[in-house]
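The values are calculated or read from the model by the stated rules, or taken from the named source; none is laboratory data. Quantities reported herein were computed from a predicted structural model and do not represent experimental measurements. Counting neighbours? That spans all protein chains shown, and the Cβs are built from the backbone with ideal geometry, glycine included. Accessible surface areas use protein heavy atoms only, side chains included; no ligands, DNA or RNA. Shrake-Rupley method; radii C 1.70, N 1.55, O 1.52, S 1.80 Å.
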Amino acid sequence: MIISVILAAGEGSRMKSKLPKAVHKVCGKSIINYMMSTCINGGSDKSVIIVGHNKEEVLKEIEKHGQNKVEAIEQPIGENVPYGTGYAVMQAKEYIGDDDTVITLCGDTPLVTDTTIKKIIEYHDREKNEVTILTADINNPKGYGRIIRDELNSTVSEIVEEKDADEMQKAKKEVNSGIYCFSGKRLKEALKKLTNDNSQNEYYLTDTIKILKQDGYKVGACKLDDNNEILGINSRVQLAEVQQIMQKRINDEIMLSGVTIINPNSTYIEYGVEIGRDTIIYPNTYIEGSTIIGKDCVIGPNSRIIDSTIGNDVKVEQSTIVESKIGDNTTIGPYAYLRPNSNIGNNVKIGDFVEVKNSTIGNNTKASHLAYIGDANVGDKVNIGCGVVFVNYDGVNKHQTTVEDNVFVGSNCNLVAPVTIKENALLAAGSTITDDVQANALSIARARQINKDNWVKNKK
Ligand code: UD1
Ligand code: CA
């Protein structure tokens with residue numbers, strides 16, 4: 001069996017956060033979630049996650065992932081309790097069989113890919129190693145453990161942590177990625193021999209390398225092609241660096257699938273978003289969560305779409321859409337705001353400064369400017385004039401408005417809910433409608449105009 005052990009019990013103190021590091025997000029997906037997917041897709045039969053600091057938050061993320069191959073184990077945390085990556089892996093020993101292949105990973109490197117995990121396992125097997133370390137040559141190795149090689153035959157002899165390294169060791173540019181492949185039996189043997197005799201008084205997983213080497217086992221290293229993959233997130237600065245690289249990966253994949261992104265550097269698209277062919281994304285656009293966008297759409301500039309489903313041939317300009325659904329060939333904006341549970345039909349126009357909330361809008365309906373539509377069911381081919389307000393709230397409760405097909409709502413009407421306007425009715429401009437209106441009726445609900453001749457002149 002292939003078992004992966006992901007270490008996520010640390011506090012992540014350098015993040016200066018109330019949240020544990022593992023639940024911080026990169027392109028909308030938590031770090032731990034990336035790690036779990038990578039391990040499973042990389043061939044793990046089981047993935048064991050070590051949790052500790054703020055474990056409730058990490059457990060919530062693990063639950064969201066919903067993988068039956070994933071299991072969380074607790075590392076005791078507290079004063080006078082041992083600490084360190086080695087101690088963390090010890091917690092998983094019951095899950096590790098002698099014949100298992102074990103991948104251990106730090107839970108803070110979300111850029112590592114499943115291809116790399118497969119590669120290290122393959123290399124490990126081919127070389128018949130007892131442990132294989134994934135390493136990379138990097139120009140700025142600060143903060144990473146350094147790979148120390150034997151001067152005679154250049155095989156790896158140990159990993160030295162930055163804090164324990166002398167100047168010569170610090171100058172080495174080959175670093176430990178924090179990802180290793182072990183034979184189960186040897187990993188367990190080496191863990192038993194770990195001590196915390198180092199500058200941080202921690203049980204370092206990295207010391208297993210020296211131990212296995214000294215015991216005469218074959219230790220190997222497999223170098224990465226793409227150094228970015230090992231970038232660890234320890235601070236918010238590194239979080240932003242990783243975010244940028246992940247964003248490029250996501251945007252590149254979307255562009256390669258046939259979507260135009262005018263300026264990828266100013267386009268934020270979260271992990272898992274789907275966009276159809278020949279859609280064009282203009283700059284400063286944010287597409288988030290479980291959003292799905294169809295084909296031939298024009299999205300942006302300056303738009304934000306969260307957890308929404310957009311049909312084909314839709315235009316969204318300078319608008320915000322949250323948890324809503326938009327049909328085909330519909331135009332949204334500029335400057336529209338669709339709040340949760342808005343279900344907009346086909347060939348609809350939701351124009352400038354129109355807000356819609358918890359409402360259904362039928363096909364071919366228009367609300368071209370300056371309107372609020374809340375808690376409503378609006379039919380097909382309805383015209384909602386400028387300045388129309390669906391008065392849905394009486395200060396205590398929300399009420400429903402129904403506007404049937406082909407209704408014409410004149411400009412500046414108030415529809416005071418609960419109220420129903422039957423099909424083909426016409427509401428005169430400026431009416432405040434408080435009672436239901438029958439089909440085909442004209443409803444005028446405003447004071448009559450009185451013109452007083454010469455009134456101004458006489459007053460002077
Ligand atoms: C570690 C490696 C270092 C490597 C680097 C790669 C050690 C001693 N050092 O250093 O050689 O270059 O990763 O990114 O292994 N954790 C636990 N329990 C603990 C301590 C840590 O689960 O008791 C977890 C943390 O949550 C974190 C991971 O282990 O996800 C790594 O810990 P971190 O403190 O980030 O190690 P580094 O100093 O980066
Ligand atoms: Ca780290």
>> Exactly one condition in (1) surrounded by fewer than 22 Cβ atoms within 10 Å (Cβ to Cβ); (2) more than 10 Å from ligand 1 (Cβ to nearest atom) is false for PRO110; which is it?
In response: (1)
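Within region 8-35, work out how many residues are of a type in the set (A, V, I, L, M, F, W, C) and either more than 13 Å from ligand 1 (Cβ to nearest atom) or open to solvent by 20 Å² or more (accessible area, probe 1.4 Å) (or both).
Pass one, region 8-35, residues of a type in the set (A, V, I, L, M, F, W, C): 8-9, 15, 19, 22-23, 26-27, 31-32, 35.
This time we only want the ones that are either more than 13 Å from ligand 1 (Cβ to nearest atom) or open to solvent by 20 Å² or more (accessible area, probe 1.4 Å) (or both), so: 19, 26-27.
The number of residues fulfilling the criteria is 3.
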>> For the structure I just gave you, tell me whether GLU158 is out of contact with any His (no Cβ under 8 Å at 6 or more places or on another chain), more than 9 Å from ligand 1 (Cβ to nearest atom) and of a type in the set (Asp, Glu).
In response: yes
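Which one of these is out of contact with any strand residue (DSSP E or B) (no Cβ under 9 Å at 6 or more places or on another chain), open to solvent by less than 60 Å² (accessible area, probe 1.4 Å), of a type in the set (D, E, K, R) and on the phi < 0 side of the Ramachandran plot: ASP164, ASP100?
Going through ASP164, ASP100 in turn, just one is out of contact with any strand residue (DSSP E or B) (no Cβ under 9 Å at 6 or more places or on another chain), open to solvent by less than 60 Å² (accessible area, probe 1.4 Å), of a type in the set (D, E, K, R) and on the phi < 0 side of the Ramachandran plot: ASP164.
Scan region 387-415 for residues that are touching a Phe, Trp or Tyr at 6+ places or on another chain (Cβ under 9 Å) and open to solvent by 10 Å² or more (accessible area, probe 1.4 Å) and jot them down. Break it down into steps so the answer makes sense when it comes.
Looking only at region 387-415, we keep the residues that are touching a Phe, Trp or Tyr at 6+ places or on another chain (Cβ under 9 Å), and these are 388-392, 399, 401, 403, 414-415.
Matches in region 387-415: VAL389, VAL391, ASN392, HIS399, ASN414.
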>> So if I check each of ASP380, ASP375, ASP405, which one is more than 30 Å from the chain's Cα centre (by Cα) and touching a residue at least 40 places away in the same chain (Cβ under 8 Å)?
In response: ASP405
> Looking at region 181-205, which of its residues are among the hydroxyl-bearing types (Ser, Thr, Tyr) and either out of contact with any helix residue (DSSP H, G or I) (no Cβ under 6 Å at 6 or more places or on another chain) or touching a residue at least 40 places away in the same chain (Cβ under 8 Å) (or both)?
Replying inline: SER183, THR195, TYR203, TYR204
>> Looking only at region 258-275, filter to residues that are buried (at least 20 other Cβ atoms within 10 Å of the Cβ) and over 13 Å from the mean Cα position of the chain (by Cα); which one of those is nearest to GLY311 (Cα to Cα)?
In response: ILE275
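Looking at region 234-257, is at least one residue part of a loop (DSSP other than H, G, I, E, B), within 27 Å of VAL26 (Cβ to Cβ), within 16 Å of ligand 1 (Cβ to nearest atom) and open to solvent by less than 50 Å² (accessible area, probe 1.4 Å)? Lay out the reasoning, then the answer.
As a first pass, look at region 234-257 and keep what is part of a loop (DSSP other than H, G, I, E, B): 234-235, 257.
Next, only the ones that are within 27 Å of VAL26 (Cβ to Cβ) stay: 234-235, 257.
Filter once more, so that each one left must be within 16 Å of ligand 1 (Cβ to nearest atom): 234-235.
Next, only the ones that are open to solvent by less than 50 Å² (accessible area, probe 1.4 Å) stay: 234-235.
Scanning region 234-257 turns up at least one residue that is part of a loop (DSSP other than H, G, I, E, B), within 27 Å of VAL26 (Cβ to Cβ), within 16 Å of ligand 1 (Cβ to nearest atom) and open to solvent by less than 50 Å² (accessible area, probe 1.4 Å).
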> On the given criteria, is ALA445 among the aliphatic types (A, V, I, L, M) and in a strand (DSSP E or B)?
Replying inline: no
> Given (1) closer than 27 Å to VAL237 by Cβ; (2) within 12 Å of ligand 1 (Cβ to nearest atom); (3) buried (at least 17 other Cβ atoms within 10 Å of the Cβ), where does VAL48 come up short, assuming only one miss?
Replying inline: (1)
> Out of all the residues in region 220-227, is one or more at pLDDT 95 or above, surrounded by fewer than 21 Cβ atoms within 10 Å (Cβ to Cβ), part of a strand (DSSP E or B) and assigned by TED's automatic domain parsing to the domain that holds GLY10?
Replying inline: yes
> Could you say whether any residue in region 188-202 is hydrophobic (A, V, I, L, M, F, W, C) and part of a loop (DSSP other than H, G, I, E, B)?
Replying inline: yes
